[in-house]
Amino acid sequence: MRTARNSKIMDQSDSSRSESAAIKELSARSATTVVDAPSWTTRAKPKGISRVPTHAVRPVEERRGYTRAKLSLPLCVKRIAGQREQKNQSLRTSNISSSGVLFLFPQRIEPGTPVEIEVCLIDRPFGRGTVKMSTEAHVVRAGHCSRPGWHALALCFDDITFHREEPLPSRFQRQ
């Protein structure tokens with residue numbers, strides 16, 4: 001009789017053990033899914049512009065070699081195919097990286113055409129500390145955009161020069 005009661009107790013304890021084991025297993029699974037690093041953090045990160053605000057950078061699934069920053073910077077087209085651009089329009093970048101830029105332009109330029117542009121990276125009052133990037137580039141893509149009469153131009157930088165409006169302090173100059 002004693003063994004019968006113990007076997008009933010054992011059956012109940014086995015079922016409660018299996019339930020508690022199942023609960024522990026489920027909680028362990030959920031804990032590992034929370035603790036495991038997401039797959040996007042283990043991918044190789046693209047190189048390019050550093051110290052760009054994270055809200056300005058596209059998602060990590062980006063296929064480009066360099067991270068694009070969604071920045072609206074003043075842009076001026078100086079030359080198209082070696083010919084000086086007559087109209088001085090105030091243009092703005094849509095996005096920019098260390099290898100290229102995308103912006104809207106009122107005329108279509110065929111891919112492969114060389115273009116000289118100037119982008120104002122930092123604009124300070126009275127020109128003190130203003131930094132401009134002058135670059136020779138070529139058009140890689142020309143597409144339509146939502147604004148009628150405008151075209152989205154993607155340029156790839158060929159040669160970049162930075163111009164500072166104030167002289168560098170002597171401690172930073174080469175001697």
Nitroxide proxy distance, nm - points 7 Å out along Cα→Cβ at Q83 and C120: 2.7 nm
Residue order, fewest to most surrounding Cβ atoms within 10 angstrom, among K132, K78, K87: K87, K78, K132
Dipole magnitude (debye, nearest 20) for the stretch 54-172, charges at Cβ of Lys, Arg, Asp, Glu: 280 debye
Separation in nanometres of the label points that stand 7 Å from Cα toward Cβ, at T161 and T130: 1.7 nm
Cα-based convex hull volume of the stretch 54-172 per residue, rounded to whole Å³: 151 Å³
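Read-outs: derived from the displayed coordinates by stated rules, not from any lab. Please read all numbers here as calculations on a predicted model, not as lab measurements. When we count neighbours, we look across all protein chains shown, and the Cβ atoms used for this are built from the backbone with ideal geometry, even at glycine.
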